[in-house]
1. So which pairs qualify, if the first residue must be in segment 148-169 and among the acidic types (Asp, Glu), the second must be open to solvent by 50 Å² or more (accessible area, probe 1.4 Å), the Cβ gap must be under 8 Å, and the two must be at least 6 apart or on different chains?
2. Name the one entry in MET238, MET181 that is open to solvent by 40 Å² or more (accessible area, probe 1.4 Å) and under 21 Å from ARG133 (Cα atoms).
3. For the condition touching a strand residue (DSSP E or B) at 6+ places or on another chain (Cβ under 8 Å) and open to solvent by 80 Å² or more (accessible area, probe 1.4 Å), what is the one hit in ARG158, ARG133, ARG137?
4. Within segment 250-293, can you find the residues that are of a type in the set (Val, Ile, Thr) and either open to solvent by 80 Å² or more (accessible area, probe 1.4 Å) or farther than 20 Å from ARG164 by Cβ (or both)?
5. Check ILE146, ILE120, ILE188, ILE167 and return the single one that is under 23 Å from HIS285 (Cβ atoms) and more than 25 Å from the chain's Cα centre (by Cα).
6. Which condition does LEU228 not pass, out of (1) in a strand (DSSP E or B); (2) open to solvent by less than 20 Å² (accessible area, probe 1.4 Å), if it passes all the others?
7. Note down all Cβ pairs under 8 Å where the first residue falls in segment 116-136 and is on the phi > 0 side of the Ramachandran plot, the second is open to solvent by 70 Å² or more (accessible area, probe 1.4 Å), and they're at least six residues apart or on different chains.
8. Looking at (1) at pLDDT 90 or above; (2) touching a Leu at 6+ places or on another chain (Cβ under 8 Å), which is the one condition that is false for LEU66?
Amino acid sequence: MRKRRPRRIKIHVEDGRFQIVGLNAWYSYWRDPYHLVLTVPWQGFFGIIIATYLGINVVFAILYLLGGDCIANATPGSFWDHFFFSVQTFASIGYGAMYPKTYYAQSIMTIEAVSSLLAIAILTGFTFARFSRPTARVAFSEVATIAPHEGVPTLCFRAANKRRNQILEAQMRVYLLRDEMTSEGHYIRRIHDLALVRSQSPAFALTWLVVHSIDENSPLYGMTPESLVEANCLIQVMLSGIDETVAQVLHDRHVYAPQEILWNYRFIDLVHRTPEGHRIIDYKHFHDTEPIP
């Protein structure tokens with residue numbers, strides 16, 4: 001028996017980012033049809049539906065043709081007459097101009113009628129699954145910063161809810177990924193948790209300044225811009241919460257490469273006060289930073 005070779009996975013490294021070639025690409029799910037129809041673009045989704053619909057009717061048209069003169073008012077040997085009779089049967093149209101007149105044709109028609117019920121149910125389920133998938137619309141700042149805050153070097157980045165609703169029980173988790181060498185001389189890719197000053201928000205509606213203090217207990221302690229690049233470091237951000245509109249759990253993520261971490265910079269303040277005492281959030285400067293004098 002021929003053994004199947006294990007599939008090779010290619011990892012592309014660019015600007016410190018480890019990218020698995022083909023990861024989450026819709027065309028990588030040919031052996032998993034359910035995930036394929038969930039990830040393929042809408043044009044491809046409708047293309048699959050049309051191709052499947054035409055293919056099923058072609059198969060049944062051929063089966064009717066194999067029965068000879070089994071369809072009343074259909075031209076014997078005409079593929080198109082039998083094809084359009086299959087379309088009418090599959091869609092339960094039933095104009096009455098053509099109908100099965102042999103036991104063979106009635107048997108094929110019965111199988112096609114049952115197949116159409118299953119196909120409609122499956123198509124409805126796939127369409128609902130695509131529409132009902134919760135998606136997060138969260139913006140992350142284009143860069144992260146490392147600068148002193150209350151006398152301690154601090155990693156900061158911003159997040160904002162782009163929808164006009166709230167993400168309930170929002171949780172932010174931040175990880176440091178870097179290359180390390182064990183005492184035995186083995187290369188490993190290690191993941192470190194970065195403790196946040198505030199990792200949860202009861203209702204994430206506007207903006208969130210995520211802060212990690214780089215003290216003696218931080219994996220970033222003692223690192224420099226050069227050492228971040230040498231160790232192929234990445235800052236992985238994971239956000240999860242409950243969308244209050246659909247009451248479903250949603251997730252979002254973002255990655256910061258060493259080139260996207262600005263040292264001795266801070267974010268420009270978004271919150272301004274009006275003469276009337278109101279507060280205004282100016283998202284125009286959401287990604288903007290300024291150097292620390």
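The values are calculated or read from the model by the stated rules, or taken from the named source; none is laboratory data. Please read these numbers as outputs of a predicted model, since none were measured by experiment. Cβ sites come from the backbone with ideal geometry, for glycine too, and all protein chains shown count toward neighbours. SASA here: full protein model, heavy atoms, side chains in, ligands and nucleic acids out. Shrake-Rupley method; radii C 1.70, N 1.55, O 1.52, S 1.80 Å.
1. Between residues of segment 148-169 that are among the acidic types (Asp, Glu) and residues that are open to solvent by 50 Å² or more (accessible area, probe 1.4 Å), the close pairs are GLU169/GLN200; GLU169/PRO202; GLU169/ILE242.
2. MET238
3. Just a single option satisfies the conditions, and that option is ARG137.
4. Selection gives VAL255, ILE261, ILE268, THR274, ILE280, THR289, ILE292.
5. Result: ILE146 is the single residue among ILE146, ILE120, ILE188, ILE167 that is under 23 Å from HIS285 (Cβ atoms) and more than 25 Å from the chain's Cα centre (by Cα).
6. (1)
7. Cβ pairs passing all conditions: none.
8. LEU66 satisfies all of (1) at pLDDT 90 or above; (2) touching a Leu at 6+ places or on another chain (Cβ under 8 Å) except (2).
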